[in-house]
Amino acid sequence: MNDMILVTRVVGAVLIVIGIAGYVLTGAESVTALLPAILGLPLLGLGLWGGQESRRRTAVHIALVLALLGFLGTLVNVIELPAVLTGGEVERPTAVVVSSITSLVCLLYVVLGVRSFIAARRG
């Protein structure tokens with residue numbers, strides 16, 4: 001579980017960077033480009049809050065729920081990724097790419113969390 005607190009902090013920080021980068025890359029036209037950062041802030045906060053032994057499990061559980069919601073919320077744009085990658089006509093290609101990266105980061109975090117819980121149960 002200790003590892004998941006570190007992973008939670010890293011994922012939170014990565015999502016913040018993705019959100020800020022997306023906002024800058026879109027010319028700061030839309031606040032919605034910051035959604036990955038808005039998701040990353042509570043994850044980072046939970047990672048920091050969960051540094052105390054008695055809070056770890058709760059912090060990781062809450063963070064995993066947020067990440068799962070983040071994954072599900074980004075799937076709408078992920079559907080358009082093949083069109084972006086093949087040079088097709090897409091209204092907001094940067095948003096699609098940023099959403100896809102956010103989706104992948106969230107999915108990987110959820111998978112790592114589930115694996116961690118399974119390992120803890122076996123141990």
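Which residue out of 74, 102 is in contact (Cβ under 8 Å) with a residue 60 or more places away in the chain and crowded, with 17+ Cβ neighbours inside 10 Å?
102
Quick check on my filter: what residues within segment 46-71 are buried (at least 16 other Cβ atoms within 10 Å of the Cβ), touching a residue at least 12 places away in the same chain (Cβ under 8 Å) and farther than 15 Å from residue 105 by Cα?
46, 47, 50, 56, 59, 60, 62
If you go through segment 81-90 one residue at a time, do you hit one that is of a type in the set (Gly, Ala, Ser) and either in contact with a strand residue (DSSP E or B) (Cβ under 7 Å, 6 or more places away or on another chain) or in contact (Cβ under 8 Å) with a residue 24 or more places away in the chain (or both)?
Checked against the condition, which is being of a type in the set (Gly, Ala, Ser) and either in contact with a strand residue (DSSP E or B) (Cβ under 7 Å, 6 or more places away or on another chain) or in contact (Cβ under 8 Å) with a residue 24 or more places away in the chain (or both), segment 81-90 yields no hits at all.
On the basis of being outside any helix (DSSP H, G or I), touching a helix residue (DSSP H, G or I) at 6+ places or on another chain (Cβ under 8 Å) and farther than 18 Å from residue 3 by Cβ, does residue 22 make the cut?
Against the criterion (outside any helix (DSSP H, G or I), touching a helix residue (DSSP H, G or I) at 6+ places or on another chain (Cβ under 8 Å) and farther than 18 Å from residue 3 by Cβ), residue 22 does not qualify.
Condition check: at pLDDT 95 or above and not acidic (Asp, Glu). Does residue 24 satisfy that?
Criteria not met by residue 24.
Show the residue pairs that are 6+ apart or on different chains and have beta-carbon atoms under 8 Å apart, the first residue being within segment 1-18 and within 16 Å of residue 36 (Cα to Cα), the second being of a type in the set (Ser, Thr, Tyr) and modelled with pLDDT of 95 or more.
Pairs that qualify, where the first residue is within 16 Å of residue 36 (Cα to Cα) and the partner is of a type in the set (Ser, Thr, Tyr) and modelled with pLDDT of 95 or more, are 8/109; 11/109; 15/102; 18/102.
Taking the condition of being part of a loop (DSSP other than H, G, I, E, B) and among the hydrophobic types (A, V, I, L, M, F, W, C), how many residues in segment 26-44 meet it?
Of the residues in that region, 1 qualify.
The values are calculated or read from the model by the stated rules, or taken from the named source; none is laboratory data. All values derive from a computational prediction rather than experimental measurement. Every residue, glycine among them, receives a Cβ derived from its backbone with ideal geometry; neighbour counts consider all protein chains shown.
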